[in-house]
Amino acid sequence: MKVLANDGISKSGEQALKDAGIEVLDNKVAQDHVINFINENNVDVLLVRSVTKVRQDLIDACPGLKIIGRGGIGMDNIDVEYAKSKGIKVINTPTASSKSVAELVFGHFFSLARFLHESNRLMPLEGETHFNAMKKSFSKAYELSGKTLGVIGFGSIGQEVLKIGISLGMKVKVLTRKPKTKVLTLNFFDGQSVNFEITSVNDMDEFLKDTDFISINTPKTNEYIIDTPQFEKMKDGVYIVNTARGGVINEVALIDFIESGKVAGAALDVFEKEPNPEVLLLMNPALSLSPHVGGNTVDAQEKIGVELAEQIIKLQKETIQ
């Protein structure tokens, strides 16, 4: 079996595949040349992340493909159902990067609540001449402890976001299409663990009421989850972080409500026009920004690579049997 890890794979994942007798090609092939490369090199398995797109044309043009793997959760860059209809196995790693994404959410929350995103921009430019003025302007900061955290989505990432919120002493609430109850377990360094039973709500108005910090952790949607009507019902001074997908929040409306003071600050790791975000977003001082790096930690990449390798090896064994 031959694997093309076109968007990369961790050393641990690569080694696990090689130990199982599987050849790994770590070439970085441009989208326009992927089809020819797969066919010319008799590739059986195509591994991607968010860069390489696996659409119907590629699937049809590469009859030798047996497995398509996505390193991460969302598979909107793969025509999953069509691939399955052609007998191709489609795999992903839905939980491997959850902790990394959740930690980024709070990296942004802390940055917004303490104006770190703005002070980091200004200190190199004005720290010597306007130190006291900046100190005064950044003094109206907030603690997260005791505040209400609202999480949209109750999947693996949403659950990790909730766990961090609980550990900080935040009140938590969850929004889902249908009410769900899940038990979240917080594990500590000394072997202790504490369980929290959390039940979501499916009423947006109830969810938004009195919520101080909002984290969006849903799959890609066909329409905005957060738009003008939702912004209008939010608490004044709310903070919002989107690490889900571009298009779940109306970015134009977001800017309007930041300017009106309704939204105190927001963070975007994903964008509607990715990889070319609007300049108005990039230049807004109330926004904390990152370039779609939610799952991009060494830890997450190691987990992703190993999980993909384990699934491929298992499928290979099943095929042989």
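A few points about this structure:
- Spatial offset of region 1-77 relative to region 257-296 amounts to 31 Å, using the alpha carbon center of each.
- Our Cα-only numbers for region 181-270 put the radius of gyration and Dmax at 15.5, 47 Å.
- The equivalent ellipsoid of region 249-321 has semi-axes of 41, 12, 10 Å, largest first, where each one is the square root of 5 times an eigenvalue of the Cα gyration tensor.
- Computed across the chain, the Kirkwood hydrodynamic radius from all distinct Cα-Cα pairs reaches 21.5 Å.
- Size of region 1-104 from its Cα atoms: along the principal axes, largest to smallest, the extents are 40, 30, 24 Å.
- For the pair L289 and E223, label points projected 7 Å from Cα toward Cβ lie 2.9 nm apart.
- Near the amide H of L25, within less than 5 Å, lie the amide hydrogens of V3, L4, A5, all on another chain or at least 5 residues away, with H placed in the peptide plane.
- Pairwise FRET efficiency - V279 versus K18, Cβ, R0 = 30 Å, nearest 0.05: 0.10
- Computed over every Cα-Cα pair of region 139-190 and binned at 10 Å starting from 0, the pair-distance distribution P(r) comes out as 23, 50, 22, 6, 0 percent.
- Helix axis angle, 251-260 relative to the chain longest principal axis, alpha carbon, degrees: 10
- Between V80 and Q56, full extension at 0.36 nm per residue minus the direct alpha carbon distance yields a gain of 7.7 nm.
- Each principal axis of the Cα cloud of region 37-98 was evaluated for its coordinate range; sorted largest first, these ranges are 35, 22, 17 Å.
- Approximating the spin labels as points 7 Å out from Cα along Cα→Cβ, the D236-to-T297 distance works out to 3.7 nm.
- Taking the chain and dividing mean pair separation by its residue count, relative contact order in percent (alpha carbons under 8 Å, at least six apart): 18
- Close amide H pairs (under 5 Å, H built 1.01 Å from N) link I240 with I214, G265, A266, A267, residues at least 5 positions away or on another chain.
- Derived scalar couplings between HN and Hα for region 189-204 equal 4, 9, x, 6, 9, 10, 9, 10, 8, 10, 10, 7, 10, 10, 10, 4 Hz in order, rounded to whole Hz, by the Karplus curve 6.51 cos²θ - 1.76 cosθ + 1.60 (θ = phi - 60°), x for Gly and Pro.
- Kirkwood-Stokes translational diffusion coefficient of region 171-321, alpha-carbon pairs, 10 °C, 1.306 mPa s, µm²/s: 88
- In the chain, helical runs assigned H by DSSP with n ≥ 4 each contribute -39500 (n - 2.57); averaged across all residues and rounded to the nearest 500, the mean residue ellipticity at 222 nm is -11000 deg cm²/dmol.
- Volume per residue of the C-alpha convex hull in region 105-166, rounded to whole Å³: 85
- For the peptides 69-81, 271-283, 154-166, the ranking by packing is 154-166, 69-81, 271-283, with the highest mean count of neighbouring Cβ atoms within 10 Å listed first.
- In this calculation the C-beta distance from E40 to F138 is compared with R0 = 35 Å, giving a FRET efficiency of 0.05.
- Restricting region 82-153 to GluC sites (Glu not before Pro) in coil, as DSSP defines it, with at most 15 other Cβ within 10 Å: E128, E143
- Pairwise FRET efficiency - F110 versus F189, Cβ, R0 = 22 Å, nearest 0.05: 0.55
- With a Cα cut-off of under 24 Å and a minimum spacing of 8 residues unless on different chains, the lysine pairs in region 63-175 number 15.
Coordinate-derived values only; no laboratory data. The model shown is predicted, which means the values in this text are computed figures rather than measured ones. Backbone-built Cβ (ideal geometry, glycine too); neighbour counts: all protein chains shown.
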